[in-house]
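Values quoted throughout were computed directly from the atomic coordinates according to the rules given, and no laboratory measurement underlies them. Please read all numbers here as calculations on a predicted model, not as lab measurements. Note that we place each Cβ from the backbone using ideal geometry, even for glycine, and neighbour counts take in every protein chain shown.
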Ligand SMILES: *[C@@H]1O[C@H](CO)[C@@H](O)[C@H](O)[C@H]1NC(C)=O
Ligand SMILES: [Ca+2]
């Protein structure tokens with residue numbers, strides 16, 4: 001019996017094992033691990049470089065509005081451009097259905113130009129991405145090989161080291177970056193922006209983005225719910241040294257699912273509906289783009305799960321600090337200390353997405369009542385709105401802890417305002433206070449304490465000032 005199966009499989013394999021070769025980028029097969037597997041059942045070969053028509057659109061600080069086209073086969077196009085060999089180069093690679101002249105790629109370059117001198121190359125492979133999903137997922141291999149060809153040319157003709165290169169890939173583009181990286185030893189960095197799940201999750205490392213594809217690989221997951229039945233495009237599989245799961249990685253605030261998004265399949269998505277059906281998936285590049293201009297607004301906390309993070313179990317940052325999700329992730333000291341490091345944070349629901357997490361500990365005073373307690377922080381850079389920190393029985397002497405994500409960094413905290421309320425009519429007009437409130441920033445080791453001996457009636461603000469240290473006058 002076993003022998004018969006071996007023969008059948010051999011015949012099937014022989015019948016299907018095709019290969020196609022293209023100038024400059026090499027040969028591609030339609031057998032395992034690329035096809036003929038449970039994850040990739042269809043035997044599909046990638047299209048030729050000519051048919052995909054990949055373009056490399058260079059923008060620099062000198063030409064931030066109009067691109068210069070670079071050809072991997074023609075070093076003179078680099079010579080004739082504003083490419084600067086003493087600067088870093090960041091490639092931005094779009095995904096399925098998308099295109100390289102879509103505004104988000106250039107907007108991301110322009111944010112970079114505000115903070116650094118850089119060569120920013122938008123990779124446009126729209127002819128290869130605007131087709132069936134299975135074909136686009138296979139075209140990834142050729143586009144990745146072309147990016148590698150470009151890096152090889154820069155290295156050979158301009159002594160430009162791959163260590164200076166950062167590939168930023170969204171969706172299928174994350175796996176394009178992985179393919180380019182696996183062909184380019186010493187590639188500096190890859191950022192995977194919500195790498196897609198279908199045809200890649202659970203495949204061998206040579207097929208998908210993985211930490212071996214660059215010296216440093218960071219990944220942002222924003223749509224990691226399963227494809228079926230939730231239509232989550234992104235993968236939950238950890239593929240980097242650092243994997244970030246903003247808002248838990250599955251449902252982004254501001255992206256409430258609608259009825260249409262539940263019935264469209266991968267091949268039914270067209271450009272006009274992108275924000276409608278792929279809101280979570282697109283958040284990954286929106287967060288990245290904003291992070292360029294907000295170097296401390298995306299601190300992410302190591303934690304086992306989002307549930308533990310939301311239960312306030314992963315605060316403050318450990319001794320090694322917290323990495324920033326996005327552009328500045330490479331500043332994290334432990335960035336490559338191991339693979340599959342997992343981080344959580346919350347974001348806002350629309351621009352701006354940056355948030356700063358604060359931990360609060362509050363010791364109550366006054367009467368015992370049922371109600372809720374709110375706190376606002378006032379610092380030298382501004383103040384927060386009021387955040388709920390406790391609901392339940394307000395009991396004098398009891399201490400409660402909470403965390404919240406403020407829409408700004410208030411700077412040095414100068415005072416804290418306290419408010420309580422319930423909607424109970426109480427003719428005795430009870431008074432409640434906070435004897436002490438300790439506030440800690442996520443990235444600081446110590447908290448700052450604020451005190452008051454007063455109590456206030458419902459809905460009246462109580463101001464707490466820095467506690468007097470005994471012994472000082
Ligand atoms: C680029 O480098 C390749 C490989 O070293 C070499 O064969 C070719 O002549 C170079 N072309 C130019 C224009 O420098
Ligand atoms: Ca890989």
R0 of 41 Å, Cβ-Cβ distance residue 104-residue 467: FRET efficiency to nearest 0.05: 0.30
Segment 356-466: Cα Rg divided by the 2.2 N^0.38 Å rule of thumb: 1.02
Relative contact order, percent, segment 18-345 [alpha-carbon distance under 8 Å, six or more residues apart]: 14 percent
Beta bridge orientation in the chain: antiparallel %, DSSP, nearest 5: 70 percent
Percent of C-alpha pairs per 10 Å bin, segment 395-456, short to long: 15, 46, 28, 10, 1
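Would you compute, from DSSP H runs of 4+ residues alone, the mean residue ellipticity of the chain at 222 nm, taking -39500 (n - 2.57) per run and dividing by the full residue count, rounded to the nearest 500?
Result for the chain: -6500 deg cm²/dmol, rounded to the nearest 500.
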Helix axis angle, 172-182 relative to the chain longest principal axis, alpha carbon, degrees: 70 degrees
Taking segment 65-155 and dividing mean pair separation by its residue count, relative contact order in percent (alpha carbons under 8 Å, at least six apart): 33 percent
FRET E, pair residue 385, residue 310, Förster distance 25 Å, beta-carbon r, rounded to 0.05: 0.80
Distance between segment 189-232 and segment 298-331 - C-alpha centres, whole angstrom: 20 Å
Protection proxy ranking of 127-133, 346-352, 237-243 - average other beta-carbon atoms within 10 Å, highest first: 237-243, 127-133, 346-352
Length added when fully stretched, residue 319-residue 113, from 0.36 nm per residue minus Cα-Cα: 70.9 nm
Euclidean distance of C-alpha centroids, segment 77-135 and segment 370-443, integer Å: 46 Å
Folded to 0 to 90 degrees: helix 2-16 orientation relative to the chain principal axis, Cα: 80 degrees
Hydrodynamic radius (Kirkwood) for segment 22-146, which is based on Cα pairs only, to one decimal in Å: 15.6 Å
Label-point gap, in nm, between residue 73 and residue 39 - each point 7 angstrom along Cα→Cβ: 3.3 nm
Two-site FRET efficiency, residue 443 against residue 163, from Cβ-Cβ distance with R₀ of 30 Å, rounded to 0.05: 0.55
Among 110-118, 39-47, the order from most to least packed when residues are scored by Cβ within 10 Å on average: 39-47, 110-118
For segment 18-345, alpha-carbon Rg and Dmax in angstrom: 18.7, 57
Folded to 0 to 90 degrees: helix 133-158 orientation relative to the chain principal axis, Cα: 80 degrees
Estimated inter-spin distance, residue 333 and residue 451, nm [label 7 Å along Cα→Cβ]: 3.4 nm
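For segment 326-449, calculate the relative contact order in percent as a whole number, restricting contacts to Cα pairs under 8 Å that are 6 or more residues apart.
31 percent
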